[in-house]
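Beneath this line is the structure, given in structure tokens, with notes to follow.
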Amino acid sequence: MTMTMALPSRSRPFWPAMLRGMLWAFLFAMGVLVLYPLLWMALGGFKSNSQIFSDPFALPASWSLENYLAGWRATRGYMLSSLLVTLVSTLTTVMISAWTAFGLTRTAIPGKPLVVGFILGGMMLSPTVALVPLVRMLQDLGIYDSHAALILLYTAFRVPFTTFLIRAYMLDLPRDLDEAAMMDGASPGQIFRKVILPLCQPILISCVVLHILFAWNEYLFAMIFTNSPGVQTLPVGLTSMMSKQGTNFAAVFAAMTISALPIVIIFFLTQRYFIRGLTQGIGK
Amino acid sequence: MADLTLRDLRKTYGNVPVLHGIDLDIAEGEFIAFVGPSGCGKSTLLRCIAGLEDISAGELRIGGTLMNHVAPARRGIAMVFQSYALYPHMTVFENMAFGMRIAGLPKAEITARVQSAAEKLQLGPYLHRHPRALSGGQRQRVAIGRAIVRDPGVFLFDEPLSNLDAALRAATRVEIARLKKSMPGTTMIYVTHDQVEAMTLADRIVVLRGGRIEQVGRPIDLYRRPANLFVAGFIGSPAMNILPARLEAAGQGTTLRMEDGGQLHLARPAPAGLAGRPVHLGIRPEDLRLARPGEAALLSGRILLVEQLGEVQILHVESPAAPASPLIVKVPGTADVIEGGQVLLCAEPAAMRLFDEAGVAFADEATLQE
């Protein structure tokens, strides 16, 4: 009896400490799993092509920026395209989605559940299935192989998901605010711009980050709907660089590192808002 | 001019009627309180007046102008919401200035109006703070300030004190009373479930039940002369005692046979046709008193519970005259009473109120002797 009583009190500090240790080990392993390939890629940019194959896990023999300069020269044009497509499609997607979400949450629309279902149903549409008709449609519109094609596609395919996120957030905002603004004489447009939109800042930042991640990395549409190097975006540019300079992996690694940098910086700058926006929006 | 006229005002949600034809006249500068139990339609009525709900049928006139389809901002009204509804991303100044900025008023005028309202409500030091940095009472004052700066003809309050604690509520109530005095020409409509707020602030109270007006009148009239059993039970805390009885003789004098077999003579007229019919006798707890030695008692009973409140004691008395629920009696805090003891009770006939079988008060002037 005495022994059985004493046993749990002795084991109490041991197991929590053990569990905590295992948790730390697990998190550390996960961190290595995520970060090591990125680090390996960045370090690869400093090596020579032969060192990558002969000594793949060693540190670079010399810290030359030559590959990075070559990578920058090779991807500069693609990066400009990516910047343009990403910025414009982010703006159009977030603004259209915010307006749509405002309409879906703040106005009386006949058959609203049907409208909500129709818009959010867009999330179910597979881009692969729509490829062939989309090629025809964009050719007919005369915007095939242009930045406009990618901006239009990225906006159209991301509006449902972005609307879904912003709508969930707006549902949490108290109706009294709209009514108070209405009593103050604000029109629906003014209520949207001056009251609701500023209050949606956390979810808008989350949506901006999510869209930038999508548009910057998107490959399928960029590969199919663009041909000219002046229009192609980074993911396509990087693959074409590999086919041309297949043997110079060091330059490719450097270019990939350069192309990933803007996204990493944006994510770290907006990380706080990003998490807050997503978790708050999930409330309803 | 900001008098209000409501004529057969109705509101339905789908097929569900919420307001069943409200008729009400509110004079310019009057302070009106809407009271009633939850779901009685008092907030819906206020929102119809504000323009936040469409009016299904009937008329709403403000200053003689039909307002049924006029936008809220054009009705000359301002509203203080239960939740304050302050814009969280704006400072106190911006919150108060928002409506005037929308209206395109000159900057100097906006600043002057906000400063004046802030001074009136002691908000001067907080003008550059955000609502999250204010206490509940300060937020409430900002909400009132936001309404004041618009210089409205009609001021609407939707349960403005319900989010405050008891002490702050009492203090803010006094501030609202002071505010009303400083704006004599402004009509105020105040929705509350708190009788104390309604009784102390309002010139007239409107009692609502199930989307209908039960009674409209001065607070003291509603208290002393309730129109029916619902108002008698709703206004006053503790509520009026309702005793079942039978009208034995009607005419110039009224004789009642109580449930315990006792007889009560009242020197007041009663409709002759009601002789032999069941009636209800209403007596306020403070109108019942302990009988003096040798005095003929109206009621007798056993004390079930004594609630000592210091100044007064509330007795719960089990009596054969009130079989449904104990009688509630308010006696002085110093009265010598004990739980389980027998008591004899008296009441002034003038303070009693008679209701017919359907619960409607007898229309006799003798009931109220102020």
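The residues on offer are A:VAL159, A:VAL195, and the sole one that is at the interface with chain B (Cβ under 10 Å from one of its Cβ atoms), β-branched (Val, Ile, Thr) and out of contact with any Cys (no Cβ under 9 Å at 6 or more places or on another chain) is A:VAL195.
May I ask you to verify whether A:ALA149 is within 14 Å of chain B (Cβ to nearest Cβ), surrounded by 15 or more Cβ atoms within 10 Å (Cβ to Cβ), in contact with a helix residue (DSSP H, G or I) (Cβ under 7 Å, 6 or more places away or on another chain) and at negative phi? It would help to see each step written out before you state the result.
Working: within 14 Å of chain B (Cβ to nearest Cβ): no; surrounded by 15 or more Cβ atoms within 10 Å (Cβ to Cβ): yes; in contact with a helix residue (DSSP H, G or I) (Cβ under 7 Å, 6 or more places away or on another chain): yes; at negative phi: yes.
When the stated conditions are applied, A:ALA149 does not pass them.
Among the listed residues B:VAL191, B:VAL154, identify the single one that is within 16 Å of the chain's Cα centre (by Cα), surrounded by 18 or more Cβ atoms within 10 Å (Cβ to Cβ) and within 30 Å of B:PHE230 (Cβ to Cβ). If you could, list the steps in order and put the result at the bottom.
Details: B:VAL154 fails: within 16 Å of the chain's Cα centre (by Cα).
Going through B:VAL191, B:VAL154 in turn, the sole match is B:VAL191.
Of the residues in the stretch B:116-129, not one is more than 9 Å from every other protein chain (Cβ to nearest Cβ), surrounded by 17 or more Cβ atoms within 10 Å (Cβ to Cβ) and under 21 Å from A:ASP178 (Cβ atoms). Residues in the stretch B:232-260 that are under 21 Å from B:VAL329 (Cα atoms) and outside any strand (DSSP E or B): B:ALA232, B:GLY233, B:PHE234, B:ILE235, B:GLY236, B:SER237, B:PRO238, B:ALA239, B:MET240, B:GLU259, B:ASP260. Here the stretch B:216-245 is the region considered, the condition is being in contact with a helix residue (DSSP H, G or I) (Cβ under 9 Å, 6 or more places away or on another chain) and polar (S, T, N, Q), and the residue that is nearest to B:HIS193 (Cα to Cα) is B:SER237.
Give the residues of the stretch A:204-263 that are out of contact with any helix residue (DSSP H, G or I) (no Cβ under 9 Å at 6 or more places or on another chain) and either under 26 Å from A:VAL132 (Cα atoms) or in contact (Cβ under 8 Å) with a residue 12 or more places away in the chain (or both), sorted by residue number. Break it down into steps so the answer makes sense when it comes.
Of the residues in the stretch A:204-263, the ones out of contact with any helix residue (DSSP H, G or I) (no Cβ under 9 Å at 6 or more places or on another chain) are A:227-228, A:243, A:261.
Listed by number, the residues that qualify are A:ASN227, A:SER228, A:SER243.
Within the stretch B:309-357, the set of residues being of a type in the set (Gly, Ala, Ser) and either in a loop (DSSP other than H, G, I, E, B) or more than 25 Å from B:ALA250 (Cβ to Cβ) (or both) comprises B:GLY310, B:SER319, B:ALA321, B:ALA322, B:ALA324, B:SER325, B:GLY333, B:ALA335, B:GLY340, B:GLY341. Against the numbered list (1) over 23 Å from B:LEU161 (Cβ atoms); (2) within 14 Å of chain A (Cβ to nearest Cβ); (3) part of a loop (DSSP other than H, G, I, E, B); (4) touching a residue at least 12 places away in the same chain (Cβ under 8 Å), B:ALA85 comes up short only at (1). Condition check for B:ALA147 on (1) within 23 Å of B:ILE62 (Cα to Cα); (2) modelled with pLDDT under 90: one failure, at (2). For the stretch A:176-192, the tally of residues that are within 8 Å of another protein chain (Cβ to nearest Cβ) and out of contact with any Ser or Thr (no Cβ under 7 Å at 6 or more places or on another chain) stands at 10. On the given criteria, is B:ALA335 surrounded by fewer than 11 Cβ atoms within 10 Å (Cβ to Cβ) and on the phi < 0 side of the Ramachandran plot? In short, no.
For the stretch B:326-349, enumerate the residues that are closer than 13 Å to B:LEU264 by Cβ and among the hydrophobic types (A, V, I, L, M, F, W, C).
Step one: list which residues in the stretch B:326-349 are closer than 13 Å to B:LEU264 by Cβ, which gives B:345-349.
Correct list: B:LEU345, B:CYS346, B:ALA347.
Across the stretch A:162-196, what is the total count of residues that are in contact (Cβ under 8 Å) with a residue 40 or more places away in the chain and crowded, with 18+ Cβ neighbours inside 10 Å? Result for the stretch A:162-196: 13. Restricted to the stretch B:118-230, the set of strands (runs of 3 or more DSSP E) holding at least 3 residues that are touching a Cys at 6+ places or on another chain (Cβ under 9 Å) and in contact (Cβ under 8 Å) with a residue 40 or more places away in the chain comprises B:204-209. Within the stretch B:35-47, the set of residues being within 22 Å of A:ALA180 (Cα to Cα), more than 12 Å from chain A (Cβ to nearest Cβ) and aliphatic (A, V, I, L, M) comprises B:LEU45 only. As a summary of the residue check, B:ALA78 satisfies the conditions (1) in a strand (DSSP E or B); (2) within 12 Å of chain A (Cβ to nearest Cβ); (3) aliphatic (A, V, I, L, M); (4) out of contact with any Lys or Arg (no Cβ under 9 Å at 6 or more places or on another chain) except for the one numbered (4).
Just to check your reading of the model, which residue among B:GLY217, B:GLY253 is farther than 26 Å from B:ILE314 by Cβ and in the same structural domain as B:ARG10 (by TED's automatic domain parsing)? Before the answer, list the steps.
On the way: B:GLY253 fails: in the same structural domain as B:ARG10 (by TED's automatic domain parsing).
B:GLY217 is the lone residue from the list that is farther than 26 Å from B:ILE314 by Cβ and in the same structural domain as B:ARG10 (by TED's automatic domain parsing).
Being out of contact with any Cys (no Cβ under 9 Å at 6 or more places or on another chain), surrounded by fewer than 18 Cβ atoms within 10 Å (Cβ to Cβ) and within 16 Å of B:LEU281 (Cβ to Cβ) is a property that holds for B:ALA324.
Please verify whether the stretch A:211-221 includes one or more residues that are under 25 Å from the mean Cα position of the chain (by Cα), within 14 Å of another protein chain (Cβ to nearest Cβ) and either closer than 25 Å to A:LEU69 by Cα or in a helix (DSSP H, G or I) (or both).
no
Would you say A:GLN232 is polar (S, T, N, Q) and closer than 30 Å to A:GLY44 by Cα? For A:GLN232, the condition - polar (S, T, N, Q) and closer than 30 Å to A:GLY44 by Cα - is met. When B:ALA103, B:ALA108, B:ALA57, B:ALA50 are screened for being aliphatic (A, V, I, L, M), within 14 Å of chain A (Cβ to nearest Cβ) and exposed (fewer than 15 other Cβ atoms within 10 Å of the Cβ), only B:ALA103 passes.
The values are calculated or read from the model by the stated rules, or taken from the named source; none is laboratory data. Predicted model, so just to flag it, every value in this text is computed and none were measured. Here Cβ is always computed from backbone atoms with ideal geometry, including for glycine, and neighbour counts include all displayed protein chains.
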